[in-house]
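Notes to accompany the following structure.
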Amino acid sequence: MHLTLSPARTTRKASAAAHARSASEPTHPALARLDVAVRALRAWSFCCCGGSGGSSSSSGYGLALLEAVLAALGELLATPRPAAALHDADHVLDAFLELADAYGTFGAALLAAKQSVADAEAGARRGDAAAVAAAARAHRRTEKELRHLAAAMRHASRHAAAAVPTTSAADATGTTAEVVIRVVAEATVAAAEASAAIFSRCAAMSPDVSAMVQRVSSHKWLARLGVAPVATKVAPEMGSAALERLEELEECLAGLESESEKVFRMLLQARVLLPNIHNPL
């Protein structure tokens, strides 16, 4: 037996489903913009999970999306009614404190990475294998620090995700405390997830200094044969390509350093605004 629902009944069911979906969606303009920015950032982070190598352009795009989230958050915190909902959300303040600290460390790591690349480039131009090797060691230390920072952000994202509240009784205005806290908490999760991806990809942006050192050191077997060592000079054939790669990487790191500084300043701004909400004058 085949039953056909009447158009009116079908329309009523569809309308009810749409209302159920939208009941917990923010409709306040500032909240809606933050929600859209968070979704875009999380989509980027999800796409990065499948990537294996580092990309300065991708990391730069991730930082730009994070800037958009923080800009929307700043707009929200300047709006009295939604901002008031965060008065007792201590976990949100803690999350942004952790993010600000992470980006302070990230900025210093990018500066160190840029310096090690510049040192490797200068050593290669002079034909100084010892300087190139020292730069490679310094860069590996920075990579290790970035990987640890990424791991810390992955842990922070899991911790923040566990604190995201559910909204079962939110109204359609999108300005209830439950909706505000949920969207802002999701923003902290998205920021931590994206930061982990950004830090990991930057750690993978290794220059070819290690390969350069290996090629220079490969001539050490000549010393065992009583031949004068030639490992004190960088092989000429590796010069132009390696130098070009190092120059490009130095430029990429400078761009990332600039973008990360913007994110850091915006996090500091949020770090100031949130305590003011918690402790109004």
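A few remarks follow.
- Which listed residue is hydrophobic (A, V, I, L, M, F, W, C), buried (at least 22 other Cβ atoms within 10 Å of the Cβ) and either within 12 Å of the chain's Cα centre (by Cα) or modelled with pLDDT under 85 (or both), from 86, 76, 66: 66
- Residue identified as under 25 Å from residue 196 (Cβ atoms) and assigned to a loop (DSSP other than H, G, I, E, B) among 86, 110, 99, 146: 86
- Complete set of residues in region 134-182 that are modelled with pLDDT of 85 or more and among the polar types (S, T, N, Q): 142, 157
- Complete set of residues in region 234-250 that are at pLDDT 50 or above and surrounded by 13 or more Cβ atoms within 10 Å (Cβ to Cβ): 235, 238, 239, 242, 243, 245, 246, 247, 248, 249, 250
- Of all residues in region 251-262 being surrounded by fewer than 18 Cβ atoms within 10 Å (Cβ to Cβ) and not hydrophobic (A, V, I, L, M, F, W, C), the one that is farthest from residue 205 (Cα to Cα): 262
- The residues listed here are 194, 270, 254; of these, the one that is modelled with pLDDT of 75 or more, out of contact with any Pro (no Cβ under 8 Å at 6 or more places or on another chain) and either polar (S, T, N, Q) or under 21 Å from residue 88 (Cα atoms) (or both) is 270.
The values are calculated or read from the model by the stated rules, or taken from the named source; none is laboratory data. Fair warning: this is a prediction, and the values are worked out from it, not measured in the lab. For neighbour counting, all protein chains shown are included, and Cβ atoms are generated from backbone atoms with ideal geometry for every residue, glycine included.
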